[in-house]
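The values are calculated or read from the model by the stated rules, or taken from the named source; none is laboratory data. Note that the coordinates shown come from a computational prediction; the quantities given were computed from them, not determined experimentally. Here the Cβ positions follow ideal geometry from the backbone for every residue, glycine too, while neighbour counts run over all protein chains shown. For accessibility, only protein heavy atoms count, side chains too; no ligands or nucleic acids. Shrake-Rupley method; radii C 1.70, N 1.55, O 1.52, S 1.80 Å.
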Amino acid sequence: MTPTSDPHQAPSARVEGKAMLQTRLEDHVLTLTLDHPPVNAFNATLTRALQKALRRAAADKAVRAVVLTGNGKVFSAGQDLREMRAGVEAAISYRRHLQETYNPLILQLRALPKPVIAALNGPVAGAGLGIALACDLRVAVPQAQLTIGFNGIGLAPDSGVSLLLPALIGLGRATELTFTNRPLSAEEALGWGLINRIFPPERFAAETEALARQLAHGPLHAYGLTKRAFNHAVLPGLAAALDYEGHLQEIARPHPEHREGVQAFLEKRAPNFLRDGQ
Ligand code: T3D
């Protein structure tokens, strides 16, 4: 999927003169490509750009399906942990941070009355996983491992993961994956219903586009009503869950486990959660 510029591009979301979110509208399919090397980590700029792109997708009648994918070999490593370390040092409110970043994004994805496909071009973790789970469908390359990530840095799941993950795979599997933080292979995720289809790498872009075009040419009004029905039936507590996640992260942020988890990740070592005798 080669990204090109178009009117959907948010001009402010740029790093070193280059947009962090590439957009392309073709045959009623809006493709949004995360382009923040090396691992498409979400920082405030990228999050804002995606919010803006989704607002435009909702308003533009020419858009009848959305594909969200990543440039390079990774879909997204989740929250930018370098930015997060600065947040730990500055003792920022994680609840407010979530209210400004991931919570609106998750709600936007669920409320958009158009099909949204997360095209997992590679591994996904943390908040990136929450965003992928909020999409309607997930397709993946065989090497697209899924990692929950949050407990690894001493946090509870946020970005809707506390609700969307057990809703998709059940409480037992969700708890095991979150506690162990083991990467789930695409094959296993397919078996668990966490992703819908695996496409071989050489056909990934074409197969994803074909699926998106099929949906874009389908009964859009009925799709929108279907999303509302599923939201109502399965996710009526989503806004409250997002708010509660913020409350829990506020408790987790000042705890030594979080500082150690982030520090260990950035120092490329295993965290030592016993060190502080917690
Ligand atoms: O605010 C909130 O409350 C929201 C909370 C959100 C929670 C999260 O999102 S927690 C983050 C969860 N993410 C993870 O645990 C994933 C961490 N990353 C990985 O597992 C791997 O990097 C990948 C599987 C995604 C990719 O692996 P690979 O081998 O292709 O690349 P790498 O060598 O691991 O990483 C490349 C570079 O990206 C490396 O930096 P360097 O050595 O080149 O300077 C690595 O440190 C950096 N990187 C990876 N993930 C992140 C990151 N930098 C910032 N933030 C990251 N999340």
(request) Give, to the nearest whole percent, the P(r) tail of the range 153-255 beyond 20 angstrom, counting all Cα pairs. (result) 57
(request) Express the accessible area of the chain per residue in Å², computed with a 1.4 Å probe while the remaining protein chains stay in the model. (result) 45
(request) Could you tell me the distance between the Cα centroids of the range 202-250 and the range 47-80, to the nearest Å? (result) 13
(message) In whole Hz and in residue order, list the ³J(HN,Hα) couplings for the range 249-261 that follow from phi through the Karplus curve 6.51 cos²θ - 1.76 cosθ + 1.60, θ = phi - 60°; x for Gly and Pro.
(response) 5, 5, 6, 6, 3, x, 6, x, 4, 5, 4, 5, x
(request) Within the chain, what's the longest run with no GluC sites (Glu not before Pro) in a DSSP loop and at most 15 other beta-carbon atoms within 10 Å? Give the range, please. (result) 17-266
(request) Whenever you get a sec, compute what percent of the accessible area on the range 87-163 sits on carbon and sulfur atoms (1.4 Å probe). (result) 58
(request) Let me have the relative contact order for the chain, percent, based on Cα pairs under 8 Å that are six or more residues apart. (result) 19
(request) Assign unit charges at the C-beta atoms only (+1 for Lys and Arg, -1 for Asp and Glu), then state the dipole size of the chain relative to its Cα centre in Debye, rounded to the nearest 20. (result) 440
(request) Averaging over all projection directions, find the projected area of the Cα convex hull of the chain and quote it in nm² with one decimal place. (result) 14.0
(request) Place the peptides 131-139, 164-172 in order of packing, highest mean first, counting for every residue the other Cβ atoms within 10 Å and averaging per peptide. (result) 131-139, 164-172
